[in-house]
Amino acid sequence: MSMEVSMLRPLAVLMPLLALTALISCAPETSETEKAEQLAPAEYFPPPEREGGWRVNTEPGFVRSLGLDPEALEEFGQYNLSVPSSNWQPYAAHKGIIVIKDGWIVGEWYNVPEAKDFRTYLSSNGKSFAIACFGVMAEDSRLDRIPFEIDRESKVYDPRWLPGGFPLSDPGKEEITFEMIFRHTSGLAPERDAAGGDHEQGRNEWTWYPDWIVGHDDAWPVTGKLVFDPGHPEQWAGQDEWGMVDAAYSSVAFGHVGLVLSSVYGVPAWRFLWERLCRPIGFSGLDFHGPPEPEADIRWFSAGALRMTPRDYARFAYLLLGDGRWGSEQLVPAEFLRSFRETAKYPNMKSNADGLFGEQFPPDMFRIAGSGLNWAYIIPSQNLIALRTGRGHNAMWDEVRTGFLERLGRVMGE
């Protein structure tokens, strides 16, 4: 399903933008290109694609002036284009690779021209969007914009914002916090078992999506029982290793975030995502892979599901690089986002704080990622983003990650 148009924004957010628009309208006209070239990196925010989009300069001399190696940059792009795709169409037919330095696209490659505007499926990258949306909600709570006190240490199963979760399908659920969801330590149904087989069951086959998430779908009881006590993944033999972090990767857990957003704001979670994050940063639109309950306007399975263009994916990465600020607006609290890269304990905003990506990269480097080798590596201290989209083989994850990072290091002269 596609979503192109926006709703009215909350008045408190809209009025400052109207005032800003009025001021701009009185200023002398300047082309979008001239405006972009006049802005320092910290003050540059790309306009929507229909208004000119990202500033681009891939000339070798310019690339070199930013401290990057243009020959290594081209090798980086060609390597990523050469990575084999799976057979999952239409996603496998579209590859995109982008490198952004100081707000400039300095490298951009597509296997076919159509890939530039194709909204590809980014899988678990949707979890990073869910984290950002939660940060917005927590800030609304702090500022008394919503009638609940809710933060990352709040209990997920609270009748004020998850009434459909009661009665509890497992008494241990009363101990689950949002922080545990973000760290994948909640005990909620993980995707894999100890042997690497499927533990989660019923995805896209549920009787009713919200019931499946909270463990009330009798056809799929696995989502109703915890596999370990909340906060103790060491109790489960099927734990995943993310660098030095013990976790049990759970998409069922992240599905709770969307249900809570919908309950708190009284709108579908996808609308909140669009209005508070995607539209303000200039997204061209969103599609949704396999909407869970389209007839009920539940489009976003908040553990994934999002489809977007490579350049729009880059916008979200740029928002994270800038600690949640876009233009004059602080869309996501800066401290909230920074906390995710100060430790290596968050798989969906995986930090290099433990050196997992290599000691040649700064510790503030972090990665958002999803199945199919869809990922973005973000380095705030270098004002640099490198991303790839498509549909590669997950069995090649480690190999491609190594090749990606080795070549990125050469681009940076590391």
Query raised in the report: Could you list, in sequence order, the residues of the range 141-200 that are in a strand (DSSP E or B), at pLDDT 95 or above and over 22 Å from the mean Cα position of the chain (by Cα)?
Result: Lys155
Report task. Go over the candidates Asp323, Asp354 one by one and state the one that is at pLDDT below 95, surrounded by fewer than 19 Cβ atoms within 10 Å (Cβ to Cβ) and outside any helix (DSSP H, G or I). Result -> Asp354
**Report entry** Filter result (modelled with pLDDT of 95 or more, surrounded by fewer than 18 Cβ atoms within 10 Å (Cβ to Cβ) and closer than 14 Å to Arg192 by Cα) within the range 220-268
**Finding:** Val222
Query raised in the report: Of everything in the range 373-414 that's buried (at least 23 other Cβ atoms within 10 Å of the Cβ) and in contact with a His (Cβ under 9 Å, 6 or more places away or on another chain), which residue is farthest from Tyr121 (Cα to Cα)?
Result: Leu373
Report summary line: Exception for Ser128 within (1) under 25 Å from Leu384 (Cβ atoms); (2) part of a helix (DSSP H, G or I); (3) without any contact (Cβ under 8 Å) to a residue 40 or more places away in the chain falls at (3)
Report summary line: Residue hits (the range 130-188; basic (Lys, Arg) and surrounded by 15 or more Cβ atoms within 10 Å (Cβ to Cβ)) are Arg152, Lys155, Lys173, Arg183
Query raised in the report: Of all residues in the range 48-72, which are more than 28 Å from Phe283 (Cα to Cα) and acidic (Asp, Glu)?
Result: Asp69, Glu71
Query - Check on Gly370, on the phi < 0 side of the Ramachandran plot, of a type outside the set (A, V, I, L, M, F, W, C) and surrounded by fewer than 17 Cβ atoms within 10 Å (Cβ to Cβ) - result: no
Requested in this report: Please give the number of the condition Ile213 fails out of (1) under 23 Å from the mean Cα position of the chain (by Cα); (2) farther than 20 Å from Ala305 by Cβ; (3) in a helix (DSSP H, G or I); (4) of a type outside the set (Phe, Trp, Tyr).
Outcome: (2)
Report task. For Lys116, indicate whether it is buried (at least 18 other Cβ atoms within 10 Å of the Cβ), more than 30 Å from Ser263 (Cβ to Cβ) and charged (D, E, K, R). Result -> no
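The values are calculated or read from the model by the stated rules, or taken from the named source; none is laboratory data. Note that the structure is predicted; figures quoted are calculated from it, not measured. Neighbour counts run over all protein chains shown; Cβ positions are idealised from the backbone, glycine included.
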